[in-house]
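The values are calculated or read from the model by the stated rules, or taken from the named source; none is laboratory data. Treat the numbers as computed from the prediction; the structure is a model and nothing was measured. Here the Cβ positions follow ideal geometry from the backbone for every residue, glycine too, while neighbour counts run over all protein chains shown. The protein model used for the area step is the full one, side chains on, heavy atoms only, and it has no ligands, DNA or RNA in it. Shrake-Rupley method; radii C 1.70, N 1.55, O 1.52, S 1.80 Å.
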Amino acid sequence: MKRNKINFQLSDIKLDELWLKARRGVLYGLYLVGALLVQNVILSHLPLFGVRVMFLPALVVAAGLFEGGWGGGLFGLAAGILSDLFFGSQSVLFTVLFPVIGFASGFLGDFFLNKRLFTYCIMGAAALFLAAFAQMFSLLFYKGQSSAALWVTALLQTLWSLPFLFPSFYLCRNFPWRSSRDVPTPYK
């Protein structure tokens, strides 16, 4: 009985796709590390009414919007792990929250919403407020802190982080890591 040999060869097209995906992954990683450094080194020294900027949920929304659910979830996972490491907390709050935000924004962007600035601003503001609420959740429900002070802090953090929606949108939209499926058409 003669066995057929299966030859697996990567074609030039698959190698090009692999190279583009690896390049995008490296660029997204550099973008994430740069954003974490800006947020934690520079902007952490500029509090407004005792509240510091946290714009990483907006970056996760931007990545999900332009890379789809799978790419947004992966970027959210990396952002969540690095956020939990940089913030020095013992919880896995952002490791769980950011992939969900990234996948949800990618899924909505692929199937239901357009990829315009107004849509991104609404989704980014919702993600910023969701992250602020998740940070205050244990203090609000388990430790019995004053709810009014926590809501004001969450609102201030969201408002202080809103101006950083615009740079993250334009960086994700215009950087060279865009996939070929995101070629702008008049209908997107």
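Remarks
- Cleavage-rule hits (chymotrypsin sites (Phe, Trp or Tyr not before Pro)) in segment 110-139: DSSP loop, at most 16 neighbouring Cβ within 10 angstrom: 112
- Of all accessible heavy-atom area on segment 19-151, the percent that carbon and sulfur account for (1.4 Å): 75 percent
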